[in-house]
Amino acid sequence: MSIPIILFLVCALVAVAGAVVLILAREPIHSALALVVVMMALAVLYLLLGAPFIAAVQIIVYAGAIMVLFVFVIMLLNAGVEERTDFSKLAKFAGVPLGFFLLLEIAHWLAHSPIGAAIANGAGSSAGESSTTELSEMLFRQYLFPFEATSILILIAILGALVLARKEE
Amino acid sequence: MDFVSQHPVLVAAVVKIAVLLFIVMTALAYLTWLERKVIAHIQSRWGPYNVGAHGLLQPLADGIKFLFKEDVTPPAADRLIYTLAPFLALALGLSAIALIPFGPPSALFPNGQQIFSVVDLNIGLLFLFAITSMGVYGIALAGWSSNSKYALLGGLRSSAQMISYEVSLTISVVGVIVLAGTLNFNELIAAQKGYWLHFIPRWNLLPQFVGFLCYLTAAIAETNRVPFDLPEAETELVAGFHTEYSAFKFAMFFMAEYANMITVSCLATILFLGGWLSPFPETWTWQNYLPGAGLLMLAAYCAWNTVSEMRGIARLQLGVVTLLAGGGGLICLYPPIAAGIQGPFWFTAKILAILFFYIWMRATLPRFRYDQLMSFGWKLLLPVSLANLVITAFVIIWPLLRKG
């Protein structure tokens, strides 16, 4: 096996394991940390796909900023251990089998349909590493309007949060 | 042998990481010695003096002491995270240094690998920020998992402080990125080549002076150093986030703090002080002999000190230092080596200057109050660094706009 494949398998396993721990952990902080692990594993997967910029931004924004705020809030509120209720009956008898069925179906599709096989063999992914310069050219030339529209949307969201958080006088 | 020839990049990287780790760990140990010595002399004291000549073996003694102390875990602590936190802090602090180029990329091994940098990433600066942005976790988790009020308050303070100052830190750097148009460390340094009026180096220090000041201030806050060391303010919080830590886990936080200091000094050197570029024009060939001459002067001073002041075993210890410095100095005078170590020499000299400034600040300034810290970060530092970025961008764009 070549090194990229080994790296992929390790990171994919770590990502899935982190996601499972995220759901099953009883301490909120453990869940948050599991989510950080998932983010890191995903960042390595982005690197393997030849998107180093996205990988770095994934770590800076998600693991380094958003999750730090999560951890900060959990620490500040001193959230206790979560109460565990039993799985609902619906989830146990319908959800789990259906989930497995979906997984099987995706696997079957990847293995047998021509489009799935093409995607699995790397069609549609760019050849080699895409540079940050190319990415910014796309972002600030071709997709300038959606980019600016998104930033205004985010600004509006910030203002909304400010208005909601302000104390009534 | 097959594996070695098939994976030249991997093998070279592993070897370089091992060498770099050894150098950085030694540097960390002696940075504590330097700090204690400098602060002591600023305050008219001697500092460490008894363990080895001039306290030179003090870091070693401290390390051994930390290894053999009892490692206490508070009974109510979250054991997993309590153990994980110091490892996380140290691992992140050390791995950031692996991205730094310590010399010109033209210096190559026979198999075509760069000698002075472990990796030469196109997104080097972004990746460094990615690693340092994770640094909050070590401190915040240590504070939370200790299950102690003081530690929790320290952890909360440090998260709030590091999030606040990281914004200014990143924005103050963007001005340099705009000037150079790249995120690669070697290209960022190469963009600072050349001279104004044939002798003033074209470093970013002059055009980005405001950015440099913002970066330096935010970097001190990022590394939790005086005057921004609120997370471990001993008058209020005992020792802040590492109150409950003992033995080697405590030492790991200590090492992580010094590793972070080295990282931000390296970054300041690369971004604003021209990295491994020499401050003198290339035609001044005598500068090649500066490192050797400096070491020989150090050896001469040590020899004089050995004979005139030291007694007993200290005389032997300082004698060894004299021989090492003298031998090193002679080797550095050999022309090919003298030319080859120019890059790392200037890089190290600049880092040491910034570290000295750090220590000087610690010996001079009192600590901020917490509300002062927050209003300074958000109301002064952030607007100034933003204004610096906008003005820089405008100066770059202006000629393009005028052309139409």
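The values are calculated or read from the model by the stated rules, or taken from the named source; none is laboratory data. Since the model is a prediction, treat every value here as computed from it, not as a measurement. Here Cβ is always computed from backbone atoms with ideal geometry, including for glycine, and neighbour counts include all displayed protein chains. These accessible areas exclude ligands, DNA and RNA; they are computed on the full protein's heavy atoms, side chains included. Shrake-Rupley method; radii C 1.70, N 1.55, O 1.52, S 1.80 Å.
Confirm whether B:W33 is among the aromatic types (F, W, Y), in contact with a helix residue (DSSP H, G or I) (Cβ under 9 Å, 6 or more places away or on another chain) and surrounded by 13 or more Cβ atoms within 10 Å (Cβ to Cβ). So B:W33 fits the description; yes.
The residues in the range A:26-46 that are at pLDDT 85 or above and either open to solvent by 60 Å² or more (accessible area, probe 1.4 Å) or under 10 Å from the mean Cα position of the chain (by Cα) (or both) can be counted, and the count is 10.
Restricting attention to the range B:223-244 and to residues that are among the hydroxyl-bearing types (S, T, Y) and more than 19 Å from B:I131 (Cβ to Cβ), the residue that is most open to solvent (accessible area, probe 1.4 Å) turns out to be B:T235.
Taken over the range B:262-295, the criterion of being open to solvent by less than 10 Å² (accessible area, probe 1.4 Å) and closer than 30 Å to B:T132 by Cα is satisfied by B:T263, B:S265, B:C266, B:L267, B:A268, B:T269, B:I270, B:L271, B:F272, B:G274, B:G275. Of all residue pairs spaced 6 or more apart or on separate chains, those with beta-carbon atoms under 8 Å, a first member in the range B:365-390 that is within 30 Å of B:Q43 (Cα to Cα) and a second member that is open to solvent by 50 Å² or more (accessible area, probe 1.4 Å) and outside any loop (DSSP other than H, G, I, E, B) are B:F368/B:F376. The residue of the range B:130-142 that is nearest to the other protein chains (Cβ to nearest Cβ), among those that are touching a Leu at 6+ places or on another chain (Cβ under 8 Å) and open to solvent by 10 Å² or more (accessible area, probe 1.4 Å), is B:M134.
Just one of the numbered conditions (1) within 20 Å of B:G138 (Cα to Cα); (2) surrounded by 11 or more Cβ atoms within 10 Å (Cβ to Cβ); (3) of a type outside the set (S, T, Y) is not true of A:N78: (2). Cβ-Cβ distances below 9 Å connect the following pairs, each with a first residue in the range A:20-45 that is over 16 Å from A:A63 (Cα atoms) and away from chain B (no Cβ under 12 Å), a second residue that is open to solvent by less than 50 Å² (accessible area, probe 1.4 Å) and not aliphatic (A, V, I, L, M), and a separation of six or more residues or different chains: A:I23/A:S31; A:L24/A:S31.
Conditions tested, residue by residue: (1) part of a helix (DSSP H, G or I); (2) under 15 Å from the mean Cα position of the chain (by Cα); (3) surrounded by fewer than 16 Cβ atoms within 10 Å (Cβ to Cβ).
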{"position": "B:V14", "(1), (2), (3)": "yes, no, yes"}
{"position": "B:L20", "(1), (2), (3)": "yes, yes, no"}
{"position": "B:T26", "(1), (2), (3)": "yes, yes, yes"}
{"position": "B:I39", "(1), (2), (3)": "yes, no, no"}
{"position": "B:L67", "(1), (2), (3)": "yes, no, yes"}
{"position": "B:P75", "(1), (2), (3)": "no, no, yes"}
{"position": "B:L84", "(1), (2), (3)": "yes, no, no"}
{"position": "B:F87", "(1), (2), (3)": "yes, no, yes"}
{"position": "B:A96", "(1), (2), (3)": "yes, yes, no"}
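Yes/no per residue for (1) open to solvent by less than 10 Å² (accessible area, probe 1.4 Å); (2) more than 19 Å from B:A160 (Cα to Cα); (3) of a type in the set (A, V, I, L, M, F, W, C):
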| site | (1), (2), (3) |
| --- | --- |
| B:F212 | no, yes, yes |
| B:Y215 | yes, no, no |
| B:A218 | yes, no, yes |
| B:A221 | yes, no, yes |
| B:S246 | no, yes, no |
| B:N260 | no, no, no |
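Listed by position, the helices (runs of 4 or more DSSP H) contained in the range B:220-313 that have at least 2 residues being in contact with a helix residue (DSSP H, G or I) (Cβ under 6 Å, 6 or more places away or on another chain) and under 30 Å from B:S95 (Cβ atoms) are B:247-272.
A single member of B:S164, B:S168, B:S145, B:S158 is within 26 Å of B:L386 (Cα to Cα), hydroxyl-bearing (S, T, Y) and within 11 Å of chain A (Cβ to nearest Cβ), and it is B:S158.
Kindly check whether there is at least one residue in the range B:192-203 that is crowded, with 22+ Cβ neighbours inside 10 Å and more than 26 Å from B:S385 (Cα to Cα). No, the range B:192-203 contains no residue that is crowded, with 22+ Cβ neighbours inside 10 Å and more than 26 Å from B:S385 (Cα to Cα). If you check B:S117 against the conditions, is it outside any helix (DSSP H, G or I), open to solvent by less than 20 Å² (accessible area, probe 1.4 Å) and within 19 Å of B:I270 (Cβ to Cβ)? It is true that B:S117 is outside any helix (DSSP H, G or I), open to solvent by less than 20 Å² (accessible area, probe 1.4 Å) and within 19 Å of B:I270 (Cβ to Cβ). When B:F102, B:F116, B:F87, B:F127 are checked against the criterion of being at the interface with chain A (Cβ under 10 Å from one of its Cβ atoms) and not small (G, A, S), B:F127 stands alone in meeting it.
Hey, does the range B:178-198 have a residue that's in contact with a helix residue (DSSP H, G or I) (Cβ under 6 Å, 6 or more places away or on another chain), closer than 15 Å to B:L273 by Cα and free of Cβ contacts under 8 Å to residues at least 60 places away in the same chain? Among the residues of the range B:178-198, at least one is in contact with a helix residue (DSSP H, G or I) (Cβ under 6 Å, 6 or more places away or on another chain), closer than 15 Å to B:L273 by Cα and free of Cβ contacts under 8 Å to residues at least 60 places away in the same chain, which makes the answer yes.
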